[in-house]
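A.B. asks: Got a structure here, written out as structure tokens. Questions coming.
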Amino acid sequence: FKAGEGYDFSFIVADMFDDDIHFTAEIKNKNKAPYTQLTPEHQKVKVLGLAANILSGAWIWKTESSYTYKKALSRNDLQQQIQKHMMNPSSDVITKNDKDLIKLMIGIEYSGFDDLLLVYEVMDNYIKDHDSTLLNEERETTQSFRFDYSMLNDQFSWQGFLYQLSDQNGMIMRTNISYDISDGWNIEAGVIDYMAGKEENTLYPYRNQD
């Protein structure tokens, strides 16, 4: 970690369990009826990273990058493998592939308005040695916009969040307000909207679940 006037840099070296889960599959039989049991697991990964923030007046420019070794990524052919295993029990059911993952984030924050914070971020994920069995695309680029507004000495707050998926696969919009009545009592309300105009969009099945 290194900090100075108007900037800071951080180096990250980690050997940890991944926050993201993957599933292991086991074929079982109950009353001679086979079924698949999926068990969530966290895989251990090694991560190297760098983060930087630069302050310029009311602006904060920030970036984060990381290299993750052998991250567990889900496969897209699980159902076909299970069907094959039913016909040939000696065949394995492989639920994940271990791949190296490169992440990059570039963002900006603006706090020049009273009681208002604006944040914009672009994130890029790249999978090394990608293959067609992976559920994820080789490169996925997303972007997000967020605002936080407060007034009445933080008694009232209003947040908004807009997130665009990679390859125009839809957008998620969320907004919520909160009002503190007294210590330990507050009122909150929120709305979330899944926006997808095409049937092939990832969020299309959820478009009416606002």
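The values are calculated or read from the model by the stated rules, or taken from the named source; none is laboratory data. None of these values were measured; they are calculated from a predicted model. Quick reminder, even Gly has a Cβ in these numbers, built from the backbone with ideal geometry, and neighbours come from all protein chains shown. Keep in mind that these areas ignore ligands, DNA and RNA; they rest on the heavy atoms of the full protein, side chains included. Shrake-Rupley method; radii C 1.70, N 1.55, O 1.52, S 1.80 Å.
A.B. asks: For the subset of the stretch 88-144 comprising residues that are touching a residue at least 24 places away in the same chain (Cβ under 8 Å), within 17 Å of ASN169 (Cα to Cα) and acidic (Asp, Glu), which member is most open to solvent (accessible area, probe 1.4 Å)?
C.D. replies: In this case the residue turns out to be GLU137.
A.B. asks: Run THR39 past the list (1) closer than 30 Å to ASP15 by Cα; (2) surrounded by 14 or more Cβ atoms within 10 Å (Cβ to Cβ); (3) among the hydroxyl-bearing types (Ser, Thr, Tyr) and report the number of the one that doesn't hold.
C.D. replies: Failing condition for THR39: (2).
A.B. asks: Any residue in the stretch 97-106 that is among the polar types (S, T, N, Q) and within 28 Å of VAL47 (Cα to Cα)?
C.D. replies: Scanning the stretch 97-106 turns up at least one residue that is among the polar types (S, T, N, Q) and within 28 Å of VAL47 (Cα to Cα).
A.B. asks: Give the residues of the stretch 33-66 that are in a strand (DSSP E or B), among the small types (Gly, Ala, Ser) and more than 30 Å from MET87 (Cβ to Cβ), sorted by residue number. Write out each step before concluding.
C.D. replies: Start the filter on the stretch 33-66 by keeping residues that are in a strand (DSSP E or B), which leaves 33-41, 44-56, 59-66.
Retained after the next criterion (residues that are among the small types (Gly, Ala, Ser)): 33, 49, 51-52, 56, 65-66.
Once the filter is applied, which keeps residues that are in a strand (DSSP E or B), among the small types (Gly, Ala, Ser) and more than 30 Å from MET87 (Cβ to Cβ), the stretch 33-66 yields GLY49, ALA51, ALA52, SER56, SER65, SER66.
A.B. asks: Hey, another quick one. Criterion first (over 25 Å from TYR69 (Cβ atoms) and either among the aromatic types (Phe, Trp, Tyr) or under 20 Å from the mean Cα position of the chain (by Cα) (or both)) does ASN125 satisfy it?
C.D. replies: no
A.B. asks: Scan (1) in a strand (DSSP E or B); (2) more than 18 Å from ASP124 (Cβ to Cβ); (3) charged (D, E, K, R) for the single condition ASP154 breaks and write down its number.
C.D. replies: Exception for ASP154: condition (1).
A.B. asks: Within the stretch 163-178, work out how many residues are open to solvent by less than 90 Å² (accessible area, probe 1.4 Å), of a type outside the set (A, V, I, L, M) and at pLDDT 85 or above.
C.D. replies: Count: 5.
A.B. asks: Give me the pairs, please: first residue somewhere in the stretch 52-63 and on the phi > 0 side of the Ramachandran plot, second residue anywhere and loosely packed, with under 14 Cβ neighbours inside 10 Å, beta-carbon distance under 8 Å, and either six or more positions apart or on two chains.
C.D. replies: GLY57/GLY112
A.B. asks: May I ask you to verify whether ASP19 is more than 16 Å from ASN136 (Cα to Cα) and open to solvent by 60 Å² or more (accessible area, probe 1.4 Å)?
C.D. replies: So ASP19 fits the description; yes.
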